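The values are calculated or read from the model by the stated rules, or taken from the named source; none is laboratory data. Remember, it's a predicted structure, so these values are computed and weren't measured experimentally. When we count neighbours, we look across all protein chains shown, and the Cβ atoms used for this are built from the backbone with ideal geometry, even at glycine. Remember, those area values only see protein heavy atoms, side chains included, never the ligands or the DNA or RNA. Shrake-Rupley method; radii C 1.70, N 1.55, O 1.52, S 1.80 Å.
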Amino acid sequence: MIDVRRIRTDYDAVRAALARRGDGTEELDRVHELDQRARQVSSQRDELRARVNALSKAIAQLRRDGDASAAEAKQAESRQLGDTEKALAAEADELSGTVRDLLLRIPNLPADDAPDGAGPDDNPVVEVVGPGDDPAAWGEHQRVPHWDIGSQLGILDLERAVKLSGAMFTMFRGQGATLARALCQAALDRNSDAFEEVRPPTVVLTETMVSTGHLPKFIDDAYHLERDDLWAIPTAEVPLTSLARDEILAESDLPMRLMAYTPCFRREAGSAGRDTRGLLRVHEFDKVEILAYTTPEQAPAVHRDILARAEALIADLGLTYRVLDLCTGDLGNSAARTFDIEVYAPGVGQWLEVSSVSWFSDYQARRANIRYRPAEGKGTEIVHTLNGSALAVPRVWAALVETLRQPDGSVRIPEVLLPYMRGAVEIR
RNA sequence: GGAGGGAUGGCAGAGCGGACGAUUGCGACGGUCUUGAAAACCGUUGAGGGGCAACCCUCCGGGGGUUCGAAUCCCCCUCCCUCCGCCA
């Protein structure tokens, strides 16, 4: 969440920044107003408490001195203050609770250098690597959708996945399953130079979902296990961001870099009926996420590094891709700046988002209460968080089998995956 | 699932209704001494919020309650430990 103090002291700038997103300004106005009242009430409450505290001290002294009647008089006085104090405290609690609820729903301020725009169509394309989406650039044998390739080669079994779990669930088989796992293995191995591998729980508490910004606003997108009040994670970003929740890190530990391979669960409630065929949009998929906690100063370099790493793997797989600089109107709720990597899947003729590399400034860390102690100076500062998918299986798998399909119908295994394919160099 | 014991500052660990935001030890930081370091000695050292400031408020796992006053008493919850049961 954004800092209330900035709303107090720099209201116009905060409002202008939010307006660039086209979202959140009504809540902001209400927060601005309610926060002022909340502070008023709580300082009245504090004054009363101070009087009660002072009286209690005086009573203690009087009792020690043996002056019981004077003590009783002060007790009566204090008792009278009690009711007013209770009422004020209740009001203050309610106000500050409302302020927090609103604050949790206000999105992050976009970075100054995030491009302006209203929606996905306004995202500037930063670079295109490979032949692009010109159909002439692709061979006949590559313009076959992955679901056809998958059933021809026996490596994808969508019908039975539906039998087991319903629409938009997937099942890889044989070398298709091996390929899916090889992608994750490769993603983990090539980032292990700088990122600690973590295997977090994939089912988490409500608070863990709130920290990253996935709740309360996006409740319909998440799977909830009602009986135990637990949530299936939509991305490893969720547990990894909460790993340091309520902790104070040493500046010398930053940047702290983590990666995790986990399943991800998404209800896709808002996109029912879209991309239902094949692997384009599924309820459960595997992903390797890489994430960092940094100081504000370290954040830009780490952001570039995560993007470079995600890009390099896609490039090494031999896929065509482009990088988008998300405009203010398309930025995710918690992000200040995001670069999306989209691969081109020639069989379905679509650009597929495979990685979102985001800088969240202190938005998530403030929710999660993750701080660090600066080496110089005293007190604590809020860390910055950043993350991106190093690799998300289904869409990369789809683009890969379409791109690397040979005229004879087999699929060539790219060199970076060879160590993980049990000796296979192609799938046929 | 059942029975008992616990949760206090970076860590360890006292306190069990009033001078306790908290004794003490360790650690960390600063100083004295030293060519330098170690040792010794002296001092400093939790977080959050409000206020221009003086200063005030909150926090002893979380939430409620009793009281003029709660780390301390009562209730509920969570987590940890021990034993029993069950079980990949």
- Choice from A:Q185, A:Q40, A:Q152 with maximal GNM fluctuation in chain A (Cα, 10 Å cutoff): A:Q40
- Note on the structure: In nanometres, the difference between 0.36 nm per residue of separation and the alpha-carbon distance of A:D408 and A:L55 is 118.0 nm
- Query: To the nearest 0.05, how large is the calculated FRET efficiency for A:E72 and A:A269 if R₀ is 51 Å and r is the Cβ-Cβ distance?
  - Reply: 0.20
- Message: From the P(r) of the stretch A:263-388, could you give the percentage of C-alpha pairs in the tail past 20 Å?
- Response: 54 percent
- Message: Placing unit charges on C-beta atoms (Lys and Arg positive, Asp and Glu negative, everything else neutral), compute the dipole magnitude of chain A about its Cα centre in debye, rounded to 20.
- Response: 940 debye
- Post the alpha-carbon centroid distance, the stretch A:344-412 to the stretch A:47-72, in whole angstrom. 61 Å
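Can you give the Kirkwood hydrodynamic radius for the stretch A:318-412, in Å, rounded to one decimal and based on Cα pairs?
Working: mean 1/r = 0.0634 Å⁻¹.
In the stretch A:318-412 this quantity evaluates to 15.8 Å.
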- Item | Sequence-distant lysines (8 or more away, or on other chains) whose Cα lies within less than 17 Å of A:K57 | A:K74
- Cα centroids of the stretch A:269-312 and the stretch A:176-228: how far apart, whole angstrom? 11 Å
- Taking protein heavy atoms only, a 1.4 Å probe, and rounding to whole percent, the accessible area of chain A owed to carbon and sulfur comes out at 47 percent
- Query: Given just the C-alpha atoms of the stretch A:120-427, how large is their convex hull per residue in cubic angstrom?
  - Reply: 131 Å³
- Could you point to the residue in A:L34, A:I7, A:A90 farthest towards the positive end of chain A's charge dipole, with +1 and -1 charges on the Cβ of Lys/Arg and Asp/Glu respectively? A:A90
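Give the accessible surface of chain A per residue, rounded to a whole number of Å², with probe radius 1.4 Å and ligands, DNA and RNA excluded.
46 Å²
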- Note on the structure: So for R0 = 60 Å, FRET eff. of A:A167-A:E94 from the Cβ-Cβ r, to 0.05, ends up at 0.85
- Can you tell me how much longer the chain between A:V129 and A:S252 gets when fully stretched, taken as 0.36 nm per residue apart minus their C-alpha distance, in nm with one decimal? 40.6 nm
- Report, by chain and number, residues whose modeled amide H sits under 5 Å from the one on A:Y223, excluding near sequence neighbours (fewer than 5 apart, same chain). A:A232, A:R267
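Note down the net charge around A:W147, summing +1 for each Lys or Arg and -1 for each Asp or Glu among other residues with Cβ under 14 Å from its Cβ.
On the way: positive: A:R143, A:R160, A:R173, A:R277, A:R281, A:R395, A:R405; negative: A:D148, A:D157, A:E159, A:D275, A:E402.
In short, +2.
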- Task: Would you please give the FRET efficiency between A:E426 and A:T25, computed as 1/(1 + (r/R0)^6) with r the Cβ-Cβ distance and R0 = 45 Å, to the nearest 0.05?
- Result: 0.25
- Query: Looking at the stretch A:4-103, what % of the alpha carbon pairs are farther apart than 16 Å?
  - Reply: 65 percent
- Once you list every other residue whose beta carbon is under 12 Å from the beta carbon of A:D46, what net charge do they have if Lys and Arg are +1 and Asp and Glu are -1? +2
- Among A:A70, A:L249, A:F172, whose Cα sits farthest toward the positive end of the charge dipole of chain A (+1 at Cβ of Lys/Arg, -1 at Cβ of Asp/Glu, about the Cα centre)? A:A70
- Task: For A:E237, A:E226, A:E33, A:E247, write out the residues from largest to smallest accessible area, computed with a 1.4 angstrom probe and no ligands counted.
- Result: A:E226, A:E33, A:E247, A:E237
- Task: Using a 10 Å cut-off on Cβ atoms, rank the peptides A:335-341, A:412-418 from the highest mean neighbour count down.
- Result: A:335-341, A:412-418
- Query: Points 7 angstrom from Cα along the Cβ direction at A:D122 and A:A136: gap in nanometres?
  - Reply: 3.3 nm
- Net charge near A:L188: determine it from the other residues with C-beta under 15 Å of the C-beta of A:L188, scoring Lys and Arg +1 and Asp and Glu -1. -1
- Among A:V198, A:V393, A:V238, which one moves the most in a GNM of chain A with springs linking Cα atoms closer than 10 Å? A:V198
- Beta bridges by DSSP in chain A, antiparallel share as percent, to the nearest 5: 90 percent
- Message: Connecting C-alpha atoms closer than 10 Å in a GNM of chain A, tell me which of A:Q175, A:Q350, A:Q80 has the biggest fluctuation.
- Response: A:Q80
